[in-house]
Amino acid sequence: MVTLEAISADITTLSVDAIVNAANPLMLGGGGVDGAIHAAAGPGLMAECERVPETEPGVRCPTGEARITGGYLLPARWVIHTVGPVWNDDLAAECDAALRAAYRACVHLASARHLRSLAFPAISTGAYGFPMERAAHIAVITVRQLVQSSISIERVVFCCFRPRDLALYQHLLRASR
Ligand code: ADP
């Protein structure tokens, strides 16, 4: 039985096997949750990210994919870096699919590494502009479905940075049971 829960917290404080980073394709830090994770993890994280091979110039992690590194000074042992889509009103279906792919890539990577607990931020809902409610719905439905077939994952935390996002996630979690 997998536990899915929503909490209001700074993801860098969570003691889980892996926290997910809403990274950008270059994987060299940025603002928002990415900046917070790099600041808390220390320079070892940046050094490992620099060693992740580029798939094309300027891209270490294409949109919808994920890469794993150590957690360094974080309480979490691992960081799973994923890149969500930049929201575009004219390409809503493509954005939805890319966000689903990002969550899927993280769950697959966590399962492949036999991780038991995983915490997600609300990928793409900050600088990338994805509408919060729409993104949270995709997150909850996609993750709930995928973890059912994972042999390792026991606990998933949806980490809400803004307290107002917590009620939304809690509602979606109840409604999707
Ligand atoms: P993106 O570029 O994917 O939109 P952002 O980091 O700008 O990523 O925002 C993604 C989400 O992460 C937003 O909902 C934002 O409120 C949240 N966030 C920002 N800092 C933290 C943090 N320290 N812990 C958890 N969530 C955070």
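Each reported figure results from applying straightforward, stated rules to the coordinates on display, with no laboratory input. Bear in mind that the values here come from a model prediction, so they are computed numbers and not experimental data. Please note: Cβ atoms are built from the backbone with ideal geometry, for glycine as well, and neighbour counts cover all protein chains shown.
Any residue at all in segment 138-158 that is touching a Pro at 6+ places or on another chain (Cβ under 8 Å) and either under 23 Å from Cys61 (Cα atoms) or among the hydrophobic types (A, V, I, L, M, F, W, C) (or both)? Break it down into steps so the answer makes sense when it comes.
From segment 138-158, those touching a Pro at 6+ places or on another chain (Cβ under 8 Å) are none; that's our starting set.
No, the conditions are met nowhere in segment 138-158.
Per the listing Asp96, Asp90, the residue uniquely free of Cβ contacts under 8 Å to residues at least 12 places away in the same chain and out of contact with any strand residue (DSSP E or B) (no Cβ under 9 Å at 6 or more places or on another chain) is Asp90. Only residues that are under 17 Å from the mean Cα position of the chain (by Cα) and either more than 15 Å from the ligand (Cβ to nearest atom) or among the hydrophobic types (A, V, I, L, M, F, W, C) (or both) were counted across segment 153-172, and they come to 10.
Just so you know, in segment 30-68 the residues that are more than 15 Å from the ligand (Cβ to nearest atom) and in a helix (DSSP H, G or I) include one that is nearest to Arg104 (Cα to Cα), and it is Cys49. Kindly indicate whether any position in segment 85-104 is part of a helix (DSSP H, G or I), surrounded by 24 or more Cβ atoms within 10 Å (Cβ to Cβ) and within 11 Å of the ligand (Cβ to nearest atom). For segment 85-104, residues part of a helix (DSSP H, G or I), surrounded by 24 or more Cβ atoms within 10 Å (Cβ to Cβ) and within 11 Å of the ligand (Cβ to nearest atom): present.
Do you know which residues across segment 106-148 are polar (S, T, N, Q) and more than 20 Å from Ile37 (Cβ to Cβ)? Even if it seems obvious, please write down each step before you answer.
Filtering segment 106-148 for residues polar (S, T, N, Q) gives 111, 117, 124-125, 142, 145, 148.
The answer is Ser111, Thr142, Gln145, Gln148.
Report whether or not Ala127 is on the phi < 0 side of the Ramachandran plot, touching a residue at least 24 places away in the same chain (Cβ under 8 Å) and within 15 Å of the ligand (Cβ to nearest atom). Against the criterion (on the phi < 0 side of the Ramachandran plot, touching a residue at least 24 places away in the same chain (Cβ under 8 Å) and within 15 Å of the ligand (Cβ to nearest atom)), Ala127 qualifies.
Of all residues in segment 108-122, at least one satisfies being surrounded by fewer than 21 Cβ atoms within 10 Å (Cβ to Cβ), aliphatic (A, V, I, L, M) and over 17 Å from Thr3 (Cα atoms). Restricting to segment 127-156, name every residue that is assigned to a helix (DSSP H, G or I), touching an Asp or Glu at 6+ places or on another chain (Cβ under 8 Å) and surrounded by fewer than 20 Cβ atoms within 10 Å (Cβ to Cβ). Correct list: Met132, Arg134.
Filtering segment 131-152 to residues that are among the small types (Gly, Ala, Ser) and either under 18 Å from Glu5 (Cβ atoms) or under 14 Å from the mean Cα position of the chain (by Cα) (or both) leaves Ala135, Ala136, Ala139, Ser150, Ser152.
Tell me yes or no: at least one residue of segment 50-57 is surrounded by 13 or more Cβ atoms within 10 Å (Cβ to Cβ) and within 16 Å of Thr125 (Cβ to Cβ). Taking every residue of segment 50-57 in turn, none turns out to be surrounded by 13 or more Cβ atoms within 10 Å (Cβ to Cβ) and within 16 Å of Thr125 (Cβ to Cβ).
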